[in-house]
Structures are given as structure tokens and as C-alpha cells.
Amino acid sequence: MTKLSGPMLPPASGGLPKQAVVLLHGYGSDGNDLIGLAPHWQGILPDAVFISPNAPEPCRRLAFGFQWFDVSMEGDRLARRQEGVAGARPVLVEFLDDLWSQSGIGPENTVLVGFSQGAMMALHTGLSLEKPLMGIVAFSGAFVPPEGFGSRPLAKSPVCLVHGDRDEVVDPELSADAEVALRLAGYDVAYHVSEGVGHGIAPDGLAFATAFIQRIAAK
């Protein structure tokens with residue numbers, strides 16, 4: 001199985017890491033993209049290590065970057081997402097298991113953050129775990145329920161959903177649908193819509209996610 005690796009920033013405190021923030025980039029990008037979020041949150045989590053692994057596959061439709069799963073223009077888009085996230089889940093779970101065993105940091109001290117395709121991975125994988133994470137932040141994503149969702153007990157990690165209402169790549173209604181589904185299932189959900197924003201992270205969306213991280217870090 002592919003081993004994930006990518007940019008990492010040690011704790012701002014200079015000490016041993018007590019928390020981990022794992023940042024999952026979008027389609028056709030790489031770990032250098034989302035590691036740029038770390039400076040916004042190092043003041044809240046000074047003892048956290050920030051890791052932004054490259055997705056496991058070279059991007060098939062572009063001459064650069066990586067993908068968590070292939071994006072084909074043919075067939076049913078929902079079915080492709082379901083197959084894609086399920087196929088990529090084991091390599092991300094192995095990455096998290098390695099991180100926790102090697103660092104001594106537990107799931108309860110780990111924040112999983114994703115953008116676009118990475119957000120789909122963060123939600124699907126993070127909500128499939130038996131132990132809750134500190135939190136999950138999904139920018140411009142969609143919720144593809146993991147196997148057994150709603151029919152067996154799964155860890156209820158707090159979730160933050162952020163989406164631009166002008167997103168032309170991932171339908172913003174997918175985050176609205178995710179908010180409803182997760183609330184009905186008993187999850188703690190924070191949901192924010194960035195008005196006039198396309199497929200990206202706007203200042204107001206970043207501020208909302210920062211407030212969410214500050215809240216879960218204070219628990």
C-alpha cells in the first residue's frame with residue numbers, strides 16, 4: 001500500500017507534539033497547498049504538528065499534482081465519489097494509524113482538515129473511525145457516508161462545514177445536505193456559507209473554521 005508523505009511543520013512551541021492537524025489537499029494539488037493554513041492555527045494549537053500529505057496517486061487528467069481518486073467525466077458522479085473515497089480510505093487510515101502509533105498522539109487530539117476532494121476524504125474517513133477525532137473541517141466538500149453510517153455506532157467527531165455559494169466545481173448544496181444528514185444523526189455540526197465565493201477558502205470561511213478549532217481545542 002502507498003505510504004503518504006508531504007510537508008510538515010513542527011509545533012510552534014518548540015516542544016514535543018501534543019496534537020496533530022492533518023491537512024488533505026484537493027484534486028490536482030499537493031501538500032504544499034494546505035500547509036499554508038498552519039500559520040493561522042498555530043497560535044491556537046502551539047503544541048500541534050501540522051502535516052499535509054500528498055494524495056496517493058499522480059493526477060491522471062493533469063500534468064501535475066496528485067489525486068485521492070480519479071475524476072472521470074463519464075458515468076454517475078455520486079457513484080464515482082463513493083467508489084473513489086472508499087478506495088482511498090485504507091491508505092489514509094494507515095497514515096493516521098502510523099501517525100498515532102509513532103507520535104503517541106491519539107485521535108482525540110487530531111484535527112482532520114480537507115479542501116474539495118480532500119474534504120470528501122476527511123469526512124468519509126474521519127466519520128468511519130471507531131474513536132472520535134478532536135474535529136473535522138471540510139472546505140468546499142461533500143459527505144459520502146462511510147459503510148454502516150446510521151446503522152452501527154460510529155465515533156461522533158465534531159464537524160465544521162464551509163462552502164462558497166458560487167462554487168462551480170463542487171455544488172454548495174452538497175455541504176448543505178451534509179449538515180442536515182449529520183445533524184439528524186446526532187453530530188455536533190458548525191456550518192458556514194461564504195457569500196459570493198467560488199471554489200476556494202475565503203477570509204470569512206477561514207475565520208469560521210478558526211473559531212471552530214478554537215472551540216474544540218478548549219474542551
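Summed over the range 180-198, residues that are within 28 Å of Gly150 (Cα to Cα) and either among the hydroxyl-bearing types (Ser, Thr, Tyr) or in a strand (DSSP E or B) (or both) total 6. So which residues in the range 154-166 are surrounded by fewer than 18 Cβ atoms within 10 Å (Cβ to Cβ) and either within 23 Å of Ala88 (Cβ to Cβ) or modelled with pLDDT under 95 (or both)? Residues satisfying the conditions are Ala155, Lys156.
A quick yes/no check of all residues on (1) under 30 Å from Gly15 (Cα atoms); (2) within 15 Å of the chain's Cα centre (by Cα):
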| position | (1), (2) |
| --- | --- |
| Phe50 | yes, yes |
| Val71 | no, no |
| Arg77 | no, no |
| Asp98 | yes, no |
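Can you find a residue that is within 15 Å of the chain's Cα centre (by Cα) and closer than 16 Å to Leu37 by Cβ anywhere in the range 173-190? Checked against the condition, which is being within 15 Å of the chain's Cα centre (by Cα) and closer than 16 Å to Leu37 by Cβ, the range 173-190 yields no hits at all.
A search for C-beta distances below 9 Å between a residue of the range 119-148 that is under 19 Å from Glu94 (Cα atoms) and touching a residue at least 60 places away in the same chain (Cβ under 8 Å) and any residue that is surrounded by fewer than 24 Cβ atoms within 10 Å (Cβ to Cβ) and of a type in the set (Asp, Glu), counting only pairs 6+ apart in sequence or on different chains, returns Met134/Glu108; Gly135/Asp188. Restricting Ala138, Ala142 to residues that are under 26 Å from Arg166 (Cβ atoms), in contact with a Cys (Cβ under 9 Å, 6 or more places away or on another chain) and either among the small types (Gly, Ala, Ser) or surrounded by fewer than 24 Cβ atoms within 10 Å (Cβ to Cβ) (or both) narrows the list to Ala138. Cβ-Cβ contacts under 8 Å between residues 6 or more apart (or on different chains), taken from a first residue in the range 151-175 that is in contact (Cβ under 8 Å) with a residue 24 or more places away in the chain and part of a loop (DSSP other than H, G, I, E, B) to a second residue that is among the acidic types (Asp, Glu) and open to solvent by 80 Å² or more (accessible area, probe 1.4 Å), are listed as Leu154/Glu130; Ala155/Glu130; Asp165/Glu195.
Condition first: without any contact (Cβ under 8 Å) to a residue 60 or more places away in the chain and either within 13 Å of Ile51 (Cβ to Cβ) or not in a loop (DSSP other than H, G, I, E, B) (or both). Now tell me which residues in the range 1-15 satisfy that. Listed by number, the residues that qualify are Ser5, Gly6, Pro7, Met8, Leu9, Pro10, Pro11. Screening Ile201, Ile213 for residues that are in a loop (DSSP other than H, G, I, E, B), within 30 Å of Lys18 (Cβ to Cβ) and within 15 Å of the chain's Cα centre (by Cα) leaves exactly one candidate, Ile201. Please determine, by comparing only the residues of the range 16-25 that are in contact (Cβ under 8 Å) with a residue 40 or more places away in the chain and not in a strand (DSSP E or B), which one is surrounded by the fewest Cβ atoms within 10 Å (Cβ to Cβ). It comes out as Lys18.
Contact map, the range 32-47: residues that are acidic (Asp, Glu) paired with residues that are not in a helix (DSSP H, G or I), Cβ distance under 7 Å, separation 6+ or inter-chain. Pairs shown: Asp33/His25; Asp47/Pro11; Asp47/Ser13; Asp47/Gly15; Asp47/Pro17; Asp47/Lys18; Asp47/Gln19. Checked against the criterion of being modelled with pLDDT of 95 or more, among the polar types (S, T, N, Q) and either under 16 Å from Ser116 (Cα atoms) or open to solvent by 40 Å² or more (accessible area, probe 1.4 Å) (or both), the candidates Ser13, Ser5 yield just one match: Ser13. Taken over the range 210-219, residues that are out of contact with any His (no Cβ under 8 Å at 6 or more places or on another chain) and under 18 Å from Pro39 (Cβ atoms) amount to 5.
Conditions tested, residue by residue: (1) surrounded by 14 or more Cβ atoms within 10 Å (Cβ to Cβ); (2) touching a Gly at 6+ places or on another chain (Cβ under 8 Å).
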position	(1), (2)
Arg152	no, no
Glu168	no, yes
Glu179	yes, no
Ile201	yes, no
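The values are calculated or read from the model by the stated rules, or taken from the named source; none is laboratory data. Given the structure is predicted, the values throughout are model-derived calculations rather than measurements. Because the Cβ atoms are built from the backbone with ideal geometry, glycine has one as well, and the counts that use them run over all protein chains shown. Surface accessibility is based on the protein's heavy atoms, side chains included, excluding ligands, DNA and RNA. Shrake-Rupley method; radii C 1.70, N 1.55, O 1.52, S 1.80 Å.
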